[in-house]
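To start, the structure itself, in structure tokens.
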Amino acid sequence: MRNCPTKLIALVAVTAAATACSGRSAAPAGTGDIVIRASYPLSGALSSAGVSADGAAAYFDAVNAAGGINGRKIDFRVKDDTFDPARLVSNNTAFVKRDKATVVINFGGIAVAARPQLNAAGVAQIVQGGETVLSDVEKFPDTRAFVPDIAWEGELQGRYISDRTPKAVVGFMGFNNDLATSQLAGLAKAGVKPVKTLRLPPGQADIASQVTELKAAKVDTLVVTLGPPTLGALLSYLGQIDYRPRIFIGSPYADFASTVKPAGAANVKDALSYQWLKDPQNPAVHGDKGLVKYRADMAKYSPRPTRTSRSR
């Protein structure tokens, strides 16, 4: 899989910035813990996303071991929302009212449901999601998306297609949510309108009928942003039937764990993606200093999944 130039953006850096800027964190050094909470799909169709909470927990443990932030320790816990908006809102309500959180970390576009209450309370909300709706920082100044707006990526994909293969027959596969809507808007801005657009629910693994539709539409260029297990199943099946359109893989899932390993390296050869993170499992950047430290910290502070001990 070939990638465009990368830039490492750490969730922890965004969280630290939010903590520093939030009015609720302005207490002097040594006056109590910095309370950070997270609501993630630890179970259900998107449970693979919950692993991100383990990385956050390991980082905060490392910060605490080094003395915290200005002498203040980080109190971090995560709750399961199963990717249910109502449950996410309930979790976030408890974070604000019961835990007095300074920062809340959420996953996905469903986080917009909790955005009004968190902004009203002056609590910084960091969302691991790339939907355009999360970019409304004028109305919701305390909400920031960790993932770049995928509409920008859709526009870049569209420009690449228009410039390199202007006669391409383009198809699109994505989730049935705002992430796909945003990416399609970016493609449209670049003048690319897919002849076949397919939206799937998170967790779907049987994609044979969708691939049949793509073939029938004579799609030779496929833009796809789907998480596991759907993405791996799709790419693997395309290889099995020897149907090989040019593939553009959306950056949120263009990594070894989500794509390369489940699909098989042969089935992602020559696929294209835009990357803004360094993948810890990518051998091409194995020696990167930041990733060397990351692996050491994860081995020390998260030798096994931490969700059981950190969730409540």
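Derivation of every value follows stated rules applied to the coordinates shown; laboratory data play no part. Just so we're clear, the structure is a prediction, and the values are computed from it rather than from any experiment. Cβ: placed from backbone, ideal geometry, glycine included. Neighbour counts: every protein chain shown.
Please state the shape class of the range 122-220: rounded when a/c is under 1.5, otherwise prolate if a/b exceeds b/c and oblate if not, all from the C-alpha gyration tensor. Let's see the in-between values first.
Details: a/c = 3.55, a/b = 1.63, b/c = 2.18.
Note, shape of the range 122-220 comes out oblate.
Using a ≥ b ≥ c from the Cα gyration tensor of the range 150-273 (square roots of the eigenvalues), is it rounded, prolate or oblate, where a/c under 1.5 gives rounded and otherwise the larger of a/b and b/c decides, a/b for prolate?
The shape class here is rounded.
In degrees between 0 and 90, to the nearest 10, how far off the longest principal axis of the chain does helix 85-97 point, with axes built from Cα atoms?
So the inclination is approximately 20 degrees.
Among Phe83, Phe107, Phe60, determine the one that fluctuates most according to a GNM of the chain built with springs between C-alpha atoms less than 10 Å apart.
Among Phe83, Phe107, Phe60, the largest GNM mean-square fluctuation belongs to Phe60.
Expressed as an acute angle from 0 to 90° and rounded to the nearest 10, what is the orientation of the C-alpha long axis of helix 11-21 relative to the principal long axis of the chain?
40
Can you tell me how much longer the chain between Ala185 and Asp288 gets when fully stretched, taken as 0.36 nm per residue apart minus their C-alpha distance, in nm with one decimal? Write out the running numbers ahead of the final one.
Details: separation 103, 0.36 × 103 = 37.08 nm, distance 3.49 nm.
Gain in length upon complete extension: 33.6 nm.
Explain nothing, just the number: dipole magnitude of the chain about its Cα centre with +1 on each Lys and Arg Cβ and -1 on each Asp and Glu Cβ, in debye rounded to the nearest 20.
For the chain, the charge dipole is close to 340 debye.
Tell me, what ³J(HN,Hα) does each residue in the range 197-211 have, in order and in whole Hz, if you take phi through Karplus 6.51 cos²θ - 1.76 cosθ + 1.60 with θ = phi - 60° and put x for Gly and Pro?
Calculated HN-Hα couplings, in order: 10, 10, 10, 10, x, x, x, 5, 10, 8, 10, 4, 5, 5, 5 Hz.
Nearest 10 degrees, 0 to 90: what angle lies between the long axis of helix 150-164 and the longest principal axis of the chain (Cα atoms)?
Tilt of helix 150-164: around 30 degrees.
Could you tell me how far the Cα centroid of the range 163-228 sits from the Cα centroid of the range 237-268, in Å?
Distance between centres, Cα-based: 14 Å.
Anything over 27 Å Cα to Cα? Flag those among Lys100/Lys293; Lys189/Lys218; Lys139/Lys289; Lys100/Lys300; Lys73/Lys97, in the order listed. It would help to have the intermediate numbers written out before the result.
Numbers: Lys100/Lys293 32 Å; Lys189/Lys218 23 Å; Lys139/Lys289 38 Å; Lys100/Lys300 29 Å; Lys73/Lys97 20 Å.
Violating the 27 Å limit, Cα to Cα: Lys100/Lys293; Lys139/Lys289; Lys100/Lys300.
State whether the range 34-113 is rounded, prolate or oblate according to the following rule on the C-alpha gyration tensor (a ≥ b ≥ c being the square roots of its eigenvalues): a/c under 1.5 gives rounded; otherwise a/b larger than b/c gives prolate, and the remaining case gives oblate. Don't skip to the end; give the middle numbers.
Details: a/c = 3.01, a/b = 1.55, b/c = 1.95.
Here the range 34-113 falls in the oblate category.
So, counting K/R as plus one and D/E as minus one, what does the shell of residues with Cβ under 12 Å around Arg144 add up to? Numbers along the way, then the final one.
Values: positive: Arg115; negative: Asp136, Asp142, Asp149.
Net of charged neighbours comes to -2.
Give the residues of the range 212-235 whose amide nitrogen is closer than 16 Å to a point set 7 Å from the Cα of Gln281 in the direction of its Cβ.
Within reach of a label on Gln281: 226-235.
Take peptides 173-183, 285-295, 239-249 and line them up by average Cβ neighbours within 10 Å, highest first, as a rough protection proxy.
Details: 173-183: 22.3, 285-295: 12.5, 239-249: 17.0.
My ranking of the peptides, most packed first, is 173-183, 239-249, 285-295.
I'd like the Karplus ³J(HN,Hα) series for the range 69-74: coefficients 6.51, -1.76, 1.60, θ = phi - 60°, whole numbers in Hz, and an x wherever there's a Gly or Pro.
My calculation for the range 69-74 gives 10, 6, x, 9, 7, 9 Hz in order.
Mind checking which of Ile34, Ile69, Ile150 has the largest fluctuation in a GNM of the chain, springs on alpha carbons under 10 Å?
Maximum fluctuation in the GNM of the chain, among the listed residues, is at Ile69.
Multiply the residue separation of Lys100 and Asn119 by 0.36 nm, subtract the distance between their alpha-carbon atoms, and state the gained length in nm to one decimal.
Working: separation 19, 0.36 × 19 = 6.84 nm, distance 1.37 nm.
Answer, rounded to one decimal: 5.5 nm.
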